[in-house]
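Encoded as structure tokens, the structure appears first; notes follow it.
Bear in mind that the values in this text are calculations on the coordinates, not laboratory data. Remember, it's a predicted structure, so these values are computed and weren't measured experimentally. Glycine gets a Cβ as well: all are built from the backbone with ideal geometry, and neighbour counts include every protein chain shown.
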Amino acid sequence: MAAATEPLPASPDAINDDILRVLEPPSKTYVLGVLFCGALVACGVSAFLYQVYWGFGVTGLNHPVMWGLYITTFVFWVGIAHAGTLISAILFLFRAKWRNAVNRGAEALTVFSVLTAALFPLLHLGRAWKFYFILPYPNQRGLWVNFKSPLLWDVFAIGTYTIISILFFIVGLIPDIGAARDRVRDWRRHLYRVLAMGWRGTSEQWRAHSRSVLHLSGLATPLVLSVHSVVSWDFATSVVPGWHTTIFAPYFVAGAIFSGIAMVITILIPVRQAFGLQAYLRDVHFDNMGKLILITSSIVGYAYGMEYFMAWYSANPYEQMSFWYRGFGHYWWATWTMIICNVIVPLPLWFKRMRVNLAFMWIVSIFINIGMWFERFVIIMTSLSHEYDPAAWGYYFPSWVEWTILVASVAFVLFLFLIFLRMFPVIAIQEVKELHYEEAH
Amino acid sequence: MSLQPGALSALALEPAELSGAEPADLALLVYPSLHFYDGRGARLAVLNEIPDPVLKTMWGSFAELGIETAERLGVRLGDVVRVQTEAGSVELPAFPHQGVREGVVAVQAGQGHRPVDPDAPDPDRQARRQTIGVNAYPLIPGRLDAASGALAWYSARAEVSATGARALVARAQIGFDQENRGFARAMTLAAYQREEDPHAKADSGHGGGHGDGHGAEGEDVYGDKPLPAQGAASHLITKDYDPADDAHHDSPYRWGLNADLDTCVGCNACIVACAVENNSPIVGPEGARAGREMHWIRVERYVETAGVKVDVRHAPMMCQHCGAAPCESVCPVLATYHNVEGLNVMVSNRCIGTRFCSNNCPYKVRRFNHWAYDWAIEEPESFALNPDVMVRSKGVMEKCTMCVQRIAEGKDEAAREGRQVRDGDITPACAQTCPSQALTFGNLKHADSHVTHQRHDKRSYRILEHLYTRPGVNYQKAILRTDPHEA
């Protein structure tokens, strides 16, 4: 164990009290926050219905840029959804004990962002009401799907990931819901009674529980690598200069973990302050997450450089022009925002002093969120607007409908997370207790 | 009878005496528009929406200025300028380009109609109608030409001044540099005559976009720019393929098109024909400015400069009906697929609008229905639609079908006569309309069809062939009478 700056609470009962206190009746600020997020989500839904009614003319999309903010934001949320599984599954398998306090929050973030992400391919469809055409099921219309299309792989990759991450989340929650069931006395206890699935805390149940977590970790681990690889193939299997490259899968996976960890930090630091969880979310957590950020930031930085190197080294004039345009064309501002936020801003994290400085970490994490969103924006927009045919070069800028839906998606994740905070223990009680036990003995 | 040299001088033509305030002002040139002539075609939305052959602008009039003149006036593209003559004045956006002589301001005639229709069924609709462009006739003082007795078009100087306002200009093509990508290629007459073996180049593995410049023979003339990636990019190799293989082996047909750049004059008539034949929606000025025009074919205009020589080329660009089409493999719902006759088919009814096909099309010829354009069609207007072609609704992709309805008709006709389709039986709308017969349609499986012969011609090339898209559309290089490098 890395050294902790604050001591753990004295007794296991105190842990229960500390963590379950979050579930107690909410403050006014909380209610206002939920209502505000809900209102933004309602704006987003209205914008979407407006788009469905009138058509894609209400977006900024044009010829040749046929993918815009929706796909950017889709990839962004899929990326965010990687942190939870990384922390919960991979770090569990590697027995990285520090993850115990952050895993529940990260898993919740995973579930909410993958659900949000899954909305985007649907609302980006020209005919969203025909979305079921993309599902392979026997039907009397004689329709079938094209298994060669990376978009179909997406359906399976995202679908699988959604199912596994929800299962993982729910299974991990069972003992804590049992604890909450025994404590909470309002209407929620009916919900907890169902979700606790008869949890009594017997050793038999504990054994089954830990085995299921282990097995689900095994199932989820390859998904961390596969989901974003498949998403990257949406681009990499195309012929578009700037997309057609083999580096995309590892580059996207690293970027996903990078942005996912950043989002976990962005959300957990305020939660820690607001609910007084300093004893649980400690320096060691932020120190280690800072190290993960450093690694993945270096990988994406390397990938940025390598893309430019390969464009030059390939001597492919289309590729060269595409990358020249990326850095110095119409979207130069997006490209340099991306590089500064993702490569330059995290550099001070090489010093431990900065990694345990939560204010600094929080600001860096916000920059990374912005930078990683811009990464996808840059990849999509610069490549599409400057392709093979010089007579068909164009420019795209999102419309208010697209911005509204982007903001609404952030609000939607926050909305779900805020509700989650009051409904379920944000820190895995039993895992912290295990940690407490190990430290005490 | 031919005009003898010197015969014109016998007419004693004097250069026109230009009236105007200051000799420093620009000579005004009001010239008939190719699309509207004197304005008789201006009512037709389809003519407003096809790009001007030179400016590639849609929906509007523009004050064309020379590059230096515009710089002197401090006017950039899209600045609204006031053009004032002794007779009148108009305000319209400036469009500086190198096709105008310095010291001249040119305005196309035939625009600026006030759309007044007292019998319009819907007053709201009437109110929404806008004046498109400006009427240039009031600028002409109205004197008669001494020699002919007709209106002296070229008779005034005009003062051009910026108004400070800006206008959005709808442009179908922004840059006219083909960036050495070999979209519109040319060869010199000498090289054409030197080259002996007609099959030496046809369907052989040469380097696609940048390709042919490896030897002197049949060398592409790209202009005076160096070809930076030419040697290094020689690995952009095209594998050999036979376009006939891109149809089912039982099918007697593999349809293909040929576009001859030497005869294409860039008039855009093919676009009109295609739009009318295939019920292409009119997107209007806003749609055109947003880059959402729905034409299935466009004519790309490229300008190559070598020293003082300017070499303008036009390449018609439509769906290439690739044998290995990048659009087909990415569609998740099989809305676009390859049919047995080698056509790349788009089933709009099946399309859910992921738009990946358009992103993955290197030729960028797919068009997306951003709005429900069919909502605007009211009862009498619907009779203008071609009943053989469906009307697409919002949210689906569409593209060139090589006039599949005409192919079906041609095959039916042939079947009734108990034979196969002969060369010339079927003509797509673009080829039918082309005044210079630059477009030819036919069966690439037939060894003696016109398109097969053209494909084996020594001028033959395909665009972006190194991507191994196996295009079904063949291009023939333009012939340059002189080598611009030597001239």
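Observations on the model:
- Sparse-neighbour loop sites [chymotrypsin sites (Phe, Trp or Tyr not before Pro); segment A:128-159; at most 14 other C-beta within 10 Å; DSSP]: A:Trp144, A:Phe147
- Sorted on the mean count of surrounding Cβ atoms within 10 Å across their residues, most packed first, peptides A:313-323, B:402-412 read A:313-323, B:402-412.
- 0 to 90° range, to nearest 10: angle between helix A:69-80 axis and chain A longest Cα axis: 30 degrees
- Built amide H within the under 5 Å cut-off of B:Arg166, gap 5+: B:Val80
- Under conditions of 4 °C and 1.567 mPa s, segment B:302-358 yields 95 µm² s⁻¹ as its translational diffusion coefficient, taking Rh as the Kirkwood radius over Cα pairs in the Stokes-Einstein equation.
- Tensor-based shape of segment A:290-338 (alpha-carbon gyration tensor, a/c under 1.5 rounded, otherwise prolate or oblate): oblate
- Segment A:239-253 versus segment A:349-394: alpha-carbon centroid distance in Å: 16 Å
- Residue range of chain A that is longest and free of trypsin sites (Lys or Arg not before Pro) which are both DSSP loop and sparsely packed (at most 13 other C-beta within 10 Å): A:201-441
- In degrees, nearest ten, helix A:150-183 long axis to first principal axis of chain A (Cα): 20 degrees
- Checking the cross-link pairs B:Lys56/B:Lys394; A:Lys352/A:Lys433; B:Lys239/B:Lys458; B:Lys364/B:Lys394; A:Lys148/B:Lys364 against a 24 Å limit on the alpha carbon distance flags B:Lys56/B:Lys394; A:Lys352/A:Lys433 as lying beyond it.
- Residues B:Glu341, A:Glu107, A:Glu434, ranked from the fewest to the most other C-beta atoms within 10 Å, line up as A:Glu434, B:Glu341, A:Glu107.
- Charge-dipole axis of the protein assembly as shown as Lys and Arg at +1 and Asp and Glu at -1 on Cβ define it, positive-most pick from A:Val401, A:Val45, A:Leu32: A:Leu32
- Estimated vicinal HN-Hα couplings, Hz - segment B:248-257 in sequence order (Karplus 6.51, -1.76, 1.60; Gly, Pro = x): 5, 5, 7, 7, x, 10, 9, 6, x, 10
- When each of A:Tyr251, A:Tyr50 is scored by the number of other beta-carbon atoms lying within 10 Å, the sequence from fewest to most is A:Tyr50, A:Tyr251.
- Sorted by Cβ density within 10 Å, fewest first, the residues A:Ser27, B:Ser329: A:Ser27, B:Ser329
- By definition, a body whose alpha carbon gyration tensor gives a ≥ b ≥ c is prolate when a/c is 1.5 or more and a/b is larger than b/c, and the protein assembly as shown fits this prolate description.
- Net charge dipole, segment A:44-166: roughly 220 debye, given to the nearest 20, about the Cα centre with Cβ charges of +1 for Lys and Arg and -1 for Asp and Glu.
- Helix axis angle, A:103-123 relative to chain A longest principal axis, alpha carbon, degrees: 30 degrees
- Dipole in debye (nearest 20) - chain A, about Cα centre, beta carbon charges: Lys, Arg +1; Asp, Glu -1: 780 debye
- Ellipsoid semi-axes for segment A:12-440, based on the Cα gyration tensor and the rule √(5λ), read 38, 25, 21 Å when sorted largest first.
- Residues whose placed amide H lies under 5 Å from that of B:Leu480, excluding near-sequence neighbours: B:Met187, B:Thr188, B:Leu189
- In order along segment A:227-243, the Karplus-derived 3J(HN,Hα) couplings, from 6.51 cos²θ - 1.76 cosθ + 1.60 at θ = phi - 60°, round to 4, 6, 4, 5, 4, 5, 6, 3, 9, 5, 7, 7, 9, 5, x, x, 10 Hz, and Gly and Pro are given as x.
- Taking amide hydrogens as placed 1.01 Å from N in the peptide plane, the amide H of B:Leu29 sits under 5 Å from those of B:Val105, B:Ala106, B:Val107, each at least 5 positions away in sequence or on another chain.
- Integer Hz, Karplus 6.51/-1.76/1.60 couplings in order for segment A:199-207, x for Gly and Pro: 5, 10, x, 6, 5, 4, 5, 4, 5
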